[in-house]
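Colleague: Take this structure first; my questions come after.
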Amino acid sequence: MTMKNAPRSSGFTLVELVMVIVLIGALSVLGIGLFASRSAFSPLLATQQLAAATLLAQQAALAGNAGGSLRVEQAGDDFRFVVGAGTPVARTFELPREGTSLSVGGGLPLIINFNSKGVPTNGADTLFVFSGQSSFSTCLSSLGAVYRGACL
């Protein structure tokens with residue numbers, strides 16, 4: 001009678017499987033910790049939304065449309081950016097505040113009008129500071145440029 005060797009089975013050992021489970025668990029805990037608190041990202045999102053609404057109002061002013069103004073306000077639990085406030089073409093953008101506040105010189109609500117060259121008619125730099133778990137600044141320069149950081 002001839003003896004046959006059983007084919008060697010290939011696969012993962014118990015130690016390898018446990019290590020993979022531990023690594024997946026550690027990565028998921030880190031990922032949940034980074035994204036669980038949305039308010040940490042709220043100032044950045046609000047800054048980007050403000051910049052987009054400002055550029056939209058400037059484009060409307062450059063095109064000669066009636067929507068060449070921007071109204072910025074904190075309304076209850078939301079930030080509200082209204083492009084073309086008081087006109088039939090008004091566009092409203094809202095973003096939950098989630099513990100974030102906005103400060104701007106002159107207070108809120110703030111209305112910024114743009115001339116036919118896309119320049120704010122107030123002729124001055126405007127600094128917007130969104131504060132929460134982190135803080136982000138956006139400057140609208142007297143020439144109409146929108147950039148992140150303090151006004152120079």
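Colleague: Using only Cα atoms, locate the centre of the range 9-31 and the centre of the range 70-93, then give the distance between them in Å, rounded to an integer.
Modeller: 50 Å
Colleague: Here's something else I'd like to know. Treating only the Cβ atoms of Lys and Arg (+1) and Asp and Glu (-1) as charged, compute the dipole magnitude of the chain about its Cα centre; round to the nearest 20 debye.
Modeller: Magnitude of the dipole: close to 420 debye.
Colleague: How would you rank 52-61, 68-77, highest first, on the average number of other Cβ atoms within 10 Å across their residues?
Modeller: Descending packing order for the listed peptides: 52-61, 68-77.
Colleague: While we're here: Report which label in [x] 35; [y] 26; [z] 40 holds the value of percent of Cα pairs over 28 Å apart derived from the coordinates of this structure.
Modeller: [z]
Colleague: Helix-only mean residue ellipticity at 222 nm, the chain, DSSP H runs n ≥ 4 weighted -39,500 (n - 2.57), per residue, nearest 500. What is it?
Modeller: -10000 deg cm²/dmol
Colleague: Exposure proxy check: 47, 13, 138, 92 ranked by fewest other beta carbons within 10 Å?
Modeller: Starting with the residue having the fewest Cβ neighbours, the order is 13, 92, 47, 138.
Colleague: Over the range 39-148, what is the relative contact order in whole percent, taking alpha-carbon pairs under 8 Å and six or more residues apart?
Modeller: Normalised by residue count, the contact order of the range 39-148 is 28 percent.
Colleague: Taking the 0 to 90 degree range and rounding to the nearest ten, how far is the long axis of helix 42-62 tilted relative to the main principal axis of the chain, both from C-alpha atoms?
Modeller: Relative to the chain, helix 42-62 is tipped by roughly 40 degrees.
Laboratory data are not the source of any read-out in this text; all were calculated from the coordinates shown. What you are looking at is a predicted structure, and each value in this text was computed from that prediction instead of being measured. Glycine gets a Cβ as well: all are built from the backbone with ideal geometry, and neighbour counts include every protein chain shown.
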